[in-house]
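Novice: Quick one: the structure is below, questions incoming.
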C-alpha cells in the first residue's frame, strides 16, 4: 500500500527544467510590438521630413549653346552713345499758294500714300476759272469749225472760177477775187486754231491753279503732327507775326527710320562705317535690335565736341518711332585687331531660348540650375533668328538655364528638373 501511494505522489511533482509555452508566446508578442513601433517611427520621420523640408519648384531647362560663327558671336563692346530715332525721309508739307484751309483730311498717325490729298484750300475762284477756261476753249473750237467751213466754201469757189476762166466764161478779176477770199479763209482757220491752242493753255493754267489748292502727300508715310487747323490762313512763306501758317502737316516715311547719336570726338576714331551696333530703345529696354553704322557726318559740333553718327537698323522695326530715345552700343568682331582705344577682349557668346530671359526688379536675368538650386545671373541679351537670343558673358556653353517654372522664382531657390 505504501509503495503504491508513493508512485502516485511522484506523478504530481513539477519538472522545472522543461520549457514553458507561456514564455515563448510572451517573447513573440514583445518582438512584434517593437517592430511595429520602429515602423511607426520611420513613417513619422518621413512625414515630418516631407512636412518641414524646403519646398522645391518644378522647372524645365534648356542647355546654353555656343554660337560659333552665328550673328552676334564673339562681339565685344567698343563704346556706347545716346541719341534719338529719326526718319531719313521727313517733310513739313506746305501749300504752293496762299489761302484759307477749308478741309483737313488727316489726323496724327494717318497712313497715306504718295499723292493722297491731305487738305484742301478754299478754291471757288480757281474752280470758276477752270469752268471759264473750258467755255473759252469750247468757243474757240466752235470758231475753228466755222472758219474751216468758210475756208472749204472759198476753196470750192476758187476751183469753179478757175474752171470757168479756162473756158472763157469768167473774167480774170473774178478769179483773182476768189483766190484772195480762199487765202483769207485759210488764214482765218490758222488764227482760229491758234485761238484754240491759247484757250487750251489757259485751261491748263486754270487747272494747275485749281490743283494747287489741294495739298498732297509727297511720299508714302505717316502723319506725325498737324501744323494748321481748318479756317487758318496757310502760305508757302509764313508771316513773321504768326498770322499765317507755313505748313499744314509734318509727315515721315517710317520705313526709313534710323538712329542718330552724338559720339565724343575723342572716341570717334573707334567707329567706322559698316560697323556692327546694338540699338536699345528706351521704350523697350530689355530688347536689343541689330544695326550697322550707315554714316559718320564729316563735321563736328564745336560746342558739344561731338560727331554725329547715323546707325541703320538691319531690319525694319515698326516699334521704333521718330524722336524715341535710344542707346547704341558699338560692337567689334572677336577676330578683329584691337582698336586705337584698346577695346576689351571679347567674351564667349552663347545662345539661349528667349523664354529663359526674365525681368526681375528691373534687371534682365536668367536662372541657371546648380546642384538642385538656381543661380540668378544678369545678362544683356541680343536678338537672334527664331526664338533665341545671344548672351555675351555670364553663361558658359552647356549650362542649364530655366525656361519654364514659377514666375516668382528667386536666387538660390530649390528646384527639381522636369
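Nothing in this text is a laboratory measurement; each read-out follows from the coordinates by a stated rule. From a predicted model like this one, the values you see are computed outputs, not experimental measurements. Here the Cβ is made from the backbone with ideal geometry for all residues, glycine too, and neighbour counts use every protein chain on show.
Novice: In which sequence would 310, 410 go, from the one with the fewest C-beta neighbours within 10 Å to the one with the most? It would help to have the intermediate numbers written out before the result.
Specialist: Details: 310 17, 410 11.
Taking fewest neighbouring Cβ atoms as first place, the list is 410, 310.
Novice: Still on this structure: Taking only the Cα atoms of the range 177-265, how large is their convex hull per residue, in Å³? Could you put the intermediate results ahead of the total?
Specialist: On the way: hull volume 23.4 nm³, N = 89.
In the range 177-265, the Cα convex hull volume per residue is 263 Å³.
Novice: How do 237, 279 line up, fewest other C-beta atoms within 10 Å first?
Specialist: On the way: 237 9, 279 24.
So the residues, fewest neighbours to most, are 237, 279.
Novice: Can you give the relative contact order of the range 124-211 as a percent, counting alpha carbon pairs under 8 Å and 6+ residues apart? Display every interim value, and only then the final one.
Specialist: Values: 70 pairs, mean separation 47.4, N = 88.
Contact order relative to length: 54 percent.
Novice: Which FRET efficiency value, to the nearest 0.05, is calculated for residue 237 and residue 128 with the Förster distance at 22 angstrom and r the Cβ-Cβ distance? Intermediate results must be reported in sequence, preceding the final value.
Specialist: Details: r = 26 Å, r/R0 = 1.18.
Calculated value: 0.25.
Novice: Remind me, relative contact order of the range 195-333 in percent, using alpha carbon pairs under 8 angstrom and six or more residues apart? Can you show the working numbers first?
Specialist: Details: 209 pairs, mean separation 29.4, N = 139.
Relative CO of the range 195-333 lands at 21 percent.
Novice: Rank the residues 250, 60 as a footprinting-exposure proxy: fewest other Cβ atoms within 10 Å of their Cβ go first. The partial results should precede the final answer.
Specialist: Values: 250 16, 60 13.
The fewest-first ordering by Cβ neighbours comes to 60, 250.
Novice: For a test of the definition: using alpha carbon positions, the gyration tensor, and the 1.5 limit on a/c, classify the range 170-327 as rounded, prolate or oblate.
Specialist: Note, shape of the range 170-327 comes out prolate.
Novice: Using 0.36 nm per residue, how much length does the chain from residue 114 to residue 30 gain when fully extended, once their Cα-Cα distance is taken away? Walk me through the intermediate numbers first.
Specialist: Values: separation 84, 0.36 × 84 = 30.24 nm, distance 10.10 nm.
Gain on extension, residue 114 to residue 30, equals 20.1 nm.
Novice: Right, next: Can you work out the FRET efficiency for the pair residue 175 and residue 145, with r the C-beta to C-beta distance and R0 = 25 Å, to the nearest 0.05? List each step's numbers first, then the result.
Specialist: Details: r = 28 Å, r/R0 = 1.12.
Calculated value: 0.35.
Novice: Let me ask you something else. For the pair residue 375 and residue 319, what calculated FRET efficiency results from E = 1/(1 + (r/R0)^6), where r is the Cβ-Cβ distance and R0 = 30 Å, to the nearest 0.05?
Specialist: Details: r = 32 Å, r/R0 = 1.07.
So, using R0 = 30 Å, E works out to roughly 0.40.
Novice: Suppose the chain between residue 412 and residue 303 were pulled fully straight at 0.36 nm per residue; how much longer would it get relative to their current alpha carbon spacing?
Specialist: Working: separation 109, 0.36 × 109 = 39.24 nm, distance 5.07 nm.
In short, 34.2 nm is gained.
Novice: Something else: For residue 159 paired with residue 103, estimate the spin-label separation in nm (one decimal), with each label point 7 Å from Cα along the Cα-to-Cβ line.
Specialist: Taking the simple label geometry, residue 159 and residue 103 are separated by 5.5 nm.
Novice: Provide Rg over Rh for the range 124-211; use the alpha carbon set for both Rg and the Kirkwood Rh (inverse mean inverse pair distance). Numbers along the way, then the final one.
Specialist: On the way: Rg = 19.5 Å, Rh = 14.9 Å.
Here Rg/Rh amounts to 1.31.
Novice: Shifting gears a bit: So between residue 66 and residue 43, what do we pick up on full extension, going 0.36 nm a residue minus the alpha carbon distance? Numbers along the way, then the final one.
Specialist: On the way: separation 23, 0.36 × 23 = 8.28 nm, distance 4.77 nm.
Length gained, residue 66 through residue 43: 3.5 nm.
Novice: Moving to a separate point now. What is the spin-label model distance, in nm, from residue 84 to residue 296 if the labels are put 7 Å beyond Cα along the C-beta direction?
Specialist: 2.4 nm
Novice: Using bins 5 angstrom wide from zero, how does P(r) for the range 113-259 break down, in % of all Cα pairs?
Specialist: 2, 9, 10, 10, 10, 8, 8, 7, 6, 6, 5, 5, 4, 4, 3, 2, 1, 0, 0, 0
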